[in-house]
């Protein structure tokens, strides 16, 4: 009887592991794949990739495999996705000159779980649409308009975060400075308290994107999903407020930031949560 109970308990686990293993192997059963290792099912080589980053040498993950397989292209499996890593100048040139021809930009499934969308379009289409929307803001004449804003934020940042400090940890301060600029240029958000309110969940999301996609309580991935919901809620409120400004004040007098440009460029039926 005890053996039967143990068997009934273990069987689903073994079947699940077998399913994961077969699915993992199937990703790499195609012919003409580059050399490389697939690691363990689901996890792949994610831990090795993250370990190299924590040691301060993220490039070691790539250089070790390039040397081991004597190839500028190798296969691996990180963050739940089968991956081909292309290195070197010729490899980068191939990718960038053949986008939407031989290769297509995409987001791994883990990102889609952190940033779910009710829209029927794929994340690839959304990424392409976003790049097109950002083009006007990346032109030289547009970038010149941001110099004064960035200079103002830099002065304030140095006065509040760097001045009269006996010890400085530069990396987190640099992230804080970059995030403040992004909030100003994307959302015209200049209130330090509001920026600080978004900073922590944004940091959780950023860490979750480059983590093993295991959605269990306490994992980075799980915390990223929760933080994403909080971010979407906060940004959705900003989107709704800006929409009201556009209706009342008109397009000519509205703030000239990326959010306003997106609202004037996208379809009206797009939900605030999806835009956020």
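Given R₀ = 22 Å, FRET efficiency for residue 89-residue 67 by Cβ-Cβ distance, to 0.05?
Given R0 = 22 Å and the Cβ-Cβ separation, E is 0.80.
Compute the FRET efficiency between residue 248 and residue 181 as 1/(1 + (r/R0)^6), taking r as their Cβ-Cβ distance and R0 = 35 Å, and round to the nearest 0.05.
Efficiency, from the Cβ-Cβ distance: 0.80.
How do 87, 178 line up, fewest other C-beta atoms within 10 Å first?
178, 87
Which ordering of 93, 75, 197 is given by a fewest-first count of other beta-carbon atoms within 10 Å?
Ordered by Cβ neighbours within 10 Å, fewest first: 93, 197, 75.
Using a Förster distance of 35 Å, how high is the FRET efficiency between residue 98 and residue 166, based on the Cβ-Cβ distance and rounded to 0.05?
Efficiency, from the Cβ-Cβ distance: 0.10.
With labels modelled as points extended 7 Å from the Cα through the Cβ direction, what inter-label distance (nm, one decimal) is found for residue 54 paired with residue 264?
The modelled label-to-label distance comes out at 4.8 nm.
Test of understanding: what is the full-extension gain from residue 106 to residue 131, defined as 0.36 nm times their sequence separation minus their Cα-Cα distance?
Residue separation times 0.36 nm, minus the Cα-Cα distance, leaves 7.7 nm.
Which ordering of 264, 204 is given by a fewest-first count of other beta-carbon atoms within 10 Å?
264, 204
Quick note: the coordinates plus some simple rules give every number you see, no bench work behind them. As the structure is a computational prediction, the values presented were derived from the model and not from experiment. Heads up, the Cβs are rebuilt from the backbone with ideal geometry, glycines too, and the neighbour counts pull from every protein chain shown.
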